[in-house]
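*Asks:* Input: one structure, supplied below.
The values are calculated or read from the model by the stated rules, or taken from the named source; none is laboratory data. Worth saying up front: this structure is predicted, and the values here are computed from it rather than measured. Heads up, the Cβs are rebuilt from the backbone with ideal geometry, glycines too, and the neighbour counts pull from every protein chain shown. Just the protein is used for accessible areas: all its heavy atoms, side chains included, with ligands, DNA and RNA removed. Shrake-Rupley method; radii C 1.70, N 1.55, O 1.52, S 1.80 Å.
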Amino acid sequence: LPSFPTRRSSDLTKMLLVNILLIILLLTSMVTISIMHLVVQPINKITKRLIQLRHGDFQSRIDVSNSKELKLLNNAVNQLAAISLEQTKKRQELLKAQEDLRVLNEKLEQKVVQRTQDLLASEQNYKTLFSSSPIPLWEVD
């Protein structure tokens, strides 16, 4: 039987171990990148969307469908955006209605003042006509 020197056998074993460790490191890196792609990127999308919501952008939507939990979170964020958009529209409608009511109230007050002045002038004309008439007039209640 041929015998290998022990030193050479030890070097081969070390080289084999180094290669195995490099393969394990490469596989670990690939798994890490895959996890980042599947988990971190969707979370980053959701985070950016939440920042947009905070700044008042209720229109855009995102779609994350990598996992059940992230999809649920994504749907919740999109529902929050829809509710916020609806509330913003209702608030704008309410503010417009309040402004319209204020304008109508001002016009009504102006009409009341004008009609009161007209009524006072008419009453004054009637009193003047009644008091200066040469014909006796009777007032009946």
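*Asks:* Are there any pairs with C-beta distances below 8 angstrom linking a residue in the stretch 16-37 that is touching a residue at least 40 places away in the same chain (Cβ under 8 Å) and surrounded by 10 or more Cβ atoms within 10 Å (Cβ to Cβ) to a residue that is hydrophobic (A, V, I, L, M, F, W, C) and part of a helix (DSSP H, G or I), with the two at least 6 apart or on different chains, and if so which?
*Replies:* Note: no pairs meet the criteria.
*Asks:* Restricting attention to the stretch 48-71, and to residues there that are farther than 13 Å from Leu85 by Cβ, free of Cβ contacts under 8 Å to residues at least 24 places away in the same chain and not in a loop (DSSP other than H, G, I, E, B), which single residue is most open to solvent (accessible area, probe 1.4 Å)?
*Replies:* Out of the qualifying residues, it is Arg54.
*Asks:* Against the definition (open to solvent by less than 100 Å² (accessible area, probe 1.4 Å), part of a helix (DSSP H, G or I) and touching a helix residue (DSSP H, G or I) at 6+ places or on another chain (Cβ under 9 Å)), how does Val112 come out, yes or no?
*Replies:* Values: open to solvent by less than 100 Å² (accessible area, probe 1.4 Å): yes; part of a helix (DSSP H, G or I): yes; touching a helix residue (DSSP H, G or I) at 6+ places or on another chain (Cβ under 9 Å): no.
No; evaluated as a whole, the condition is false for this residue.
*Asks:* Out of everything in the stretch 115-141 that is of a type outside the set (Ser, Thr, Tyr), assigned to a helix (DSSP H, G or I) and open to solvent by 100 Å² or more (accessible area, probe 1.4 Å), what residue ends up being modelled with the lowest pLDDT? Step through it out loud before you land on a result.
*Replies:* From the stretch 115-141, those of a type outside the set (Ser, Thr, Tyr) are 115, 117-121, 123-125, 127, 129-130, 134-141; that's our starting set.
This time we only want the ones that are assigned to a helix (DSSP H, G or I), so: 115, 117-121, 123-125, 127, 129-130.
Okay, now just the ones that are also open to solvent by 100 Å² or more (accessible area, probe 1.4 Å), so 115, 117, 119-120, 124-125, 127, 129.
Values: Arg115: 96, Gln117: 96, Leu119: 95, Leu120: 95, Gln124: 92, Asn125: 89, Lys127: 85, Leu129: 82.
This residue is Leu129.
*Asks:* Is the stretch 89-96 home to any residue that is over 30 Å from Asn44 (Cα atoms), of a type in the set (S, T, N, Q), in a helix (DSSP H, G or I) and open to solvent by 70 Å² or more (accessible area, probe 1.4 Å)? Spell out how you get there, then give the answer.
*Replies:* Within the stretch 89-96, the first condition is being over 30 Å from Asn44 (Cα atoms), and the residues that meet it are 90-96.
Next, only the ones that are of a type in the set (S, T, N, Q) stay: 92.
From the residues that got through so far, the ones that are in a helix (DSSP H, G or I) too are 92.
Now narrow it down to the ones that are open to solvent by 70 Å² or more (accessible area, probe 1.4 Å): 92.
Yes.
*Asks:* Applying the selection to the stretch 72-88, what residues are more than 25 Å from Gln41 (Cβ to Cβ) and open to solvent by 80 Å² or more (accessible area, probe 1.4 Å)?
*Replies:* Taking the stretch 72-88 as the starting set, the residues that turn out to be more than 25 Å from Gln41 (Cβ to Cβ) are 83, 85-88.
Within the stretch 72-88, Ile83, Glu86, Gln87 meet the criteria.
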